[in-house]
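Input: a single structure, listed below in structure tokens.
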Amino acid sequence: MSELLEREDLLARLESAREQGGRLVFVGGEAGVGKTSLVRAFAERVDGRVLAGSCENLGAPTPFGPLLDVSEALVAPAEPRLVANALLQELADRALLVLEDVHWADGATLDVLRVLARRIDRTPSLVVATYRDDEVAGDHPLRVVLGEVTSAPGVRRLAVPPLSVGAVRTLAGDRAADADAIHTLTRGNAFFVTEVLASPEAALPATVRDAVLARAAALDDDARRLLDVVAVIPRSADLWLLEVVAPTELECLESCIASGMLRPAATGVAFRHELARLAVADAVPPQRRRALHRSILSALRSPPSGELDHARLAHHADEADDADAVLEFAAEAARRAAAASSHREAAAQYERALRRADRLADVERADLLAAYGLEAQLTGRGTAAIDARTRAAELYRSLGNTVGEAQQLAELAFPFVMVGRNAEAEEANLRAIRLLEGLPPGAELANAYAIQAYLRMLNRDNDEGVAWGTRAAELAQEVGDRERLAIALNMIGTSHLMAGATYEGIDFLEQSIEVGRRDGRIRSIASGLSMLGSGLGEMYELERSEQYLREHIAFSEEHDLFALYSQAWLALVAVYRGRWQEGASAAAAIAHRSESAISQITALIALGRVRARRGDPGAAEALDEALELSRAGGHLQRLGHVHAARAEAAWLTGDRERTIEEARAAYELALEKRHLWFAGELAYWQWKAGALDGAPGWIAEPYALQLAGDARAASAAWLAHGCPYEAARALAEGAADARLEALAAFEALGAQPAAKLLRRALRTQGVSTPRGPRPATRANPGELTSRELEVLRLVAVGKRNAEVAEALVLSRRTVDHHVSAILRKLGVANRGEAAAAASRLGLLEDR
């Protein structure tokens, strides 16, 4: 853009962040809105050291890609935390670091950003990271990062809005162009506006693509051909590469830069706008485009310095339709990405190789499928992992490789469980055991035994889980396989934990983690932390559960591992510890983010519990969805938890018959598995509904005390577990003074249904109750800003975002952001739920 319009406020906020120091500012906006122009204009104002790097739009990016632009030495450790530490040292004296297009960042770079976000406030420097907010949706890795670091003290967010029609008129100036029509066509996108206005034609181009190509057509033939070469090279084209691939056309480089199409980059040139590069690349005829990629591939095989960049080589080999080169480079790029904990990139590279694998020998194809199956599993793609491991097993069987076949069958248990197909997991694992038991004992059989222990543990057959785990541990020690020993110790510990033997369980799990740490086995460490976090949560050891869950999530972030189950459990633990808003918000963000059925179920239970306890709409829908997902597995881990939550929700709505029905649905199974907490809660709800006189003495202590009529002791037991709502619920079953204490606790928590039921019971008994707090005097539990409260009040009366924008004199995009923030803070899914929550919380007063 020749002029930077409507950006002074953003520049001032960036300058303020630089003055404060110790800040990481994420600058978001749609593609072409002007993020790069903004950041470069700011960088020009900076009097000091400026570092810059950018991410590539590759199917499987190079690990630490943008940091290579800053310094190759910086990423020499090839491990995210070490790279982050080196970068923090680089920023120890006042500097500006610009990282562009981090929505394309590889997993290793995202891990560095996570560490940077939490430690940047210890430096005097400013880091600015740009990203396309219109491409960061659903379970996009960057969206996850942004959610995780949003509360870090040094992190800030800026949104770059589109240009107004007035700005477009200013840019149009005296040109024979209809500024209003341009604004309508481009919706104020700065890149589109600039490119349309730069077109030499008098008439408006029909599309922005035509505008870009029309501008390129003004160049002479050699310059136009140079644009084609640069266009097919993502991010930027090194000068040495252009000298090899387009030596004649390179003489026209200056004219391409002068035209505004290209700009100088660190070691070469790049398109001024990525959308322009894509438009030009798309217009290159297929035969010429393939020939260009072949030339680039040939040149990249012999770089003038440094190592081969396997990720870029694989990309150009793929585009060149050179199957042999794809197989040569993609698999190696995948292995390197996996070693750098960039598992998503590893999976993408393996996928690229597998598309060409028909020319491989069966054994090579089987090995490739097995490797891809692991990476797909580690990144939460259960269905893809099942397909890959199943095909690998079939190939190994056709080759007569019984060990290879059995290994894949055994490992199939994990993705099968992930997607809720537990019966198939059992079948595959038992087939593996039968095959391996016909061979001399080895590490593979120890692994199959350990996985059978895992399946028994999931089914809460705890004695069998310990027995299978012990067999696995003994065999692993016999054959000297410490990896399988760690898995076996993990399963023994988790089975003890599920049986209520907390100390024994923790001891075995800690041993498992220690074996993993000594050997540097990432999966062993992660699995141990995950099992401790979720297992202690299920046993209501909530403080220790939260500690391990947070440790597992941080560890998984560092190593690009799937941690959604721990995130779901962390949300549920927050709910049980009385932090309802935090738990509901976290659960709403992850309830539909992956194929992991158990993660979705856990998050939906957290949502359903909070909505039922607060009297919010949507409790039934969340718990119905959780039940539907639970039926596929058909075991206690899922059904016990879901039916307990559904029984509570029914009780709070006054539906006694459904309370009994839900509580009975999984009660016999909970008794059969001797599950202290599920049996306890399911017995409790039947007892509350008058359908059960007593329960076994071994159920969890708080429930046993409640069924025995000792309200005070039960409440104290619940508080010892960190559960304020359950403690109040126990007091509500005591004498009048205890009930009044319970009422106050319910009111403080916002538990309106329970408070309403208790008030009614007290009035029936003739007990005078204090008036509840006036809605207008309640705290703002959602911690909404004043502007968000204004937006919420208009939304609650049915105003659409455009109407809210007009009423408050705001842009539509700003209102969109406010509404998204309101939904997140209130832990609700839609505008109707937000209005209901606002009414309940007294946020609609002072209308």
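Over the Cα atoms of region 1-147, the radius of gyration divided by the Kirkwood radius equals 0.94; this is the Rg/Rh ratio. With R₀ fixed at 22 Å, the C-beta to C-beta distance from residue 693 to residue 761 puts the FRET efficiency at about 0.55. Extension gain for residue 89 to residue 13 (0.36 nm times residue separation, less C-alpha to C-alpha distance): 24.8 nm. For region 785-832, relative contact order (Cα pairs under 8 Å, six or more residues apart, normalised by length) works out to 38 percent.
Dipole size of the chain about its Cα centre, with +1 on Lys/Arg Cβ and -1 on Asp/Glu Cβ: approximately 2520 debye, rounded to the nearest 20. Using only Cα atoms, locate the centre of region 1-41 and the centre of region 337-356, then give the distance between them in Å, rounded to an integer. With region 1-41 and region 337-356 each reduced to a Cα centre, they are spaced 34 Å.
Enter the accessible area per residue of region 232-281 (Å², integer; probe 1.4 Å; all protein chains in place).
Values: 1970 Å² over 50 residues.
That works out to 39 Å² per residue.
For region 447-533, which trypsin sites (Lys or Arg not before Pro) are in a loop by DSSP, counting at most 12 other Cβ atoms within 10 Å?
Here no trypsin sites (Lys or Arg not before Pro) fit, given the DSSP loop and packing criteria.
Applying both filters, DSSP loop and at most 11 other Cβ atoms within 10 Å, to the GluC sites (Glu not before Pro) of region 256-354 gives 307. Taking all protein chains together and rolling a 1.4 Å probe, residue 278 ends up with roughly 70 Å² accessible.
Think of it as helices only: each DSSP H run of n ≥ 4 in the chain is worth -39500 (n - 2.57), and spread over all residues that comes to -20500 deg cm²/dmol at 222 nm.
Debye-formula intensities of region 572-659, expressed as log10 I(q)/I(0) at q = 0.11, 0.17, 0.24 Å⁻¹, are -0.26, -0.63, -1.20 (one equal scatterer per alpha-carbon, no solvent).
Charged neighbours of residue 566, selected by a Cβ distance under 10 Å, balance to 0 (K, R count +1; D, E count -1). Considering only 340, 168, 722, and ranking their Cα positions along the charge dipole of the chain that arises from unit charges at the beta-carbon of Lys, Arg, Asp and Glu, the one farthest toward the positive end is 722. Roughly how many percent of the accessible protein surface of the chain is carbon and sulfur, given a 1.4 Å probe and a whole-percent answer? The nonpolar share, carbon plus sulfur, comes to 49 percent. Each of 267, 501, 407 was placed along the dipole of the chain (beta-carbon charges, centred on the mean Cα), and the one lying farthest toward the positive end is 501. The radius of gyration of the Cα set in region 545-621, together with its Dmax, comes out at 12.2, 40 angstrom.
Given Cβ point charges of +1 (Lys, Arg) and -1 (Asp, Glu) and nothing else, what value in debye, to the nearest 20, does the dipole of region 352-473 about its Cα centre take?
Details: 15 positive and 17 negative charges, 79 e Å.
Magnitude of the dipole: close to 380 debye.
Couplings 3J(HN,Hα) for region 403-414, derived from phi with the Karplus relation 6.51 cos²θ - 1.76 cosθ + 1.60 (θ = phi - 60°), are 5, x, 4, 5, 4, 5, 4, 5, 5, 4, 4, 5 Hz, where x marks Gly and Pro. Note: relative contact order over the chain, using C-alpha pairs below 8 Å and six or more positions apart, is 7 percent. A Cβ-based charge dipole, computed about the Cα centre of region 460-578 with Lys and Arg at +1 and Asp and Glu at -1, lands at about 160 debye. Rolling a 1.4 Å probe across all protein chains gives residue 45 an accessible area of roughly 130 Å². When both region 534-577 and region 617-636 are represented by their alpha-carbon centers, they are found 21 Å apart. Once the Cα atoms are used to define both axes, helix 522-538 deviates from the longest principal axis of the chain by about 40 degrees. Above 18 Å, the calculated P(r) of region 480-587 contains 47 percent of its Cα-Cα pairs. Cα centroid separation, region 322-336 to region 209-242: 27 Å.
The values are calculated or read from the model by the stated rules, or taken from the named source; none is laboratory data. Keep in mind that this is a model prediction, so the values were computed, not measured. No Cβ is skipped: glycine too gets one built from the backbone with ideal geometry, and neighbour counts run over all protein chains shown. Side chains included, ligands, DNA and RNA excluded: accessible areas come from the protein's heavy atoms. Shrake-Rupley method; radii C 1.70, N 1.55, O 1.52, S 1.80 Å.
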